[in-house]
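Reading through the structure tokens given below for one structure.
The values are calculated or read from the model by the stated rules, or taken from the named source; none is laboratory data. Note that this is a predicted model, so its numbers are computed, not measured. Reconstructed Cβ throughout: ideal geometry from the backbone, glycine too, with neighbour counts over all protein chains shown.
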């Protein structure tokens, strides 16, 4: 049996550092005046007053635990680090006591498999779009903070979530994790294609838990040469990726791996070749 306590050391260290009310009070006092890199330092005495502490030894102990990760000592006092502000934004985005009454709603679209109106759901912080009428369509699902529903209709929220996903996937495919900024790896698993299915596509962060598994067409919506070709053959690239025509996908080279994706437009067909890293190699429009 493995010792679960030995797993995820960065997460455990972060939670242990924050596991005291005095430390949280220190961070709350520092974040009040935050203006990014231009935040004015808070002196030692000001911090003690802000957290209502009289015991300097006890205060210094807890402040020391935060220094270097969440708090930085500068000439005129103390300032919060970017880690503190990132943590604060995450807490605000996923407030546990903020209720959302739109846990299930219809979506103004159509299932690509059976044409039925899909259903949107919001559970565990994920906005998902699925079809209740068939099991053929994989659907769409992506993390979406509760604030995304504020002053937006159901369909607006779905479109915002879709755009948010596209933005994150584009950044991740460029080599940067949208959450930790670590390097990412994009790859295509061609063995699924040999079985007659669309190949598995993954983009993983090499440093944190970020992972996405977009369809190939989703990635093509992020490449300028591909979107230009799709527009030229009459395809609306602003629609949901599941509303795009089903592509024909086949391997044209195994070493190096090259995959050809064909999308039919109104009268013409765009043929786009991508490599094993999901980068576009060539774009041709068949006349």
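For region 96-143, give me each residue that is assigned to a loop (DSSP other than H, G, I, E, B) and farther than 22 Å from residue 244 by Cα.
96, 97, 98, 99, 100, 101, 102, 103, 124, 125
Counting only residues that are within 27 Å of the chain's Cα centre (by Cα) and surrounded by 14 or more Cβ atoms within 10 Å (Cβ to Cβ), which one in region 244-257 is nearest to residue 191 (Cα to Cα)?
Per the stated criteria, the residue is 249.
Here are 55, 32: which of them is in the same structural domain as residue 13 (by TED's automatic domain parsing) and more than 18 Å from residue 91 (Cβ to Cβ)?
Every option except 55 fails the conditions.
(1) assigned to a loop (DSSP other than H, G, I, E, B); (2) in contact with a helix residue (DSSP H, G or I) (Cβ under 9 Å, 6 or more places away or on another chain); (3) at pLDDT 90 or above: which one isn't true of residue 214, the others all being true?
Residue 214 satisfies every listed condition except (3).
If I filter region 191-199 for residues that are touching a residue at least 12 places away in the same chain (Cβ under 8 Å) and either more than 30 Å from residue 273 (Cβ to Cβ) or assigned to a loop (DSSP other than H, G, I, E, B) (or both), do I get at least one hit?
Yes - at least one qualifying residue is present in region 191-199.
Filter region 229-287 for residues that are assigned to a helix (DSSP H, G or I) and over 24 Å from residue 108 (Cα atoms) and give the result.
Those that are assigned to a helix (DSSP H, G or I) and over 24 Å from residue 108 (Cα atoms): 229, 232.
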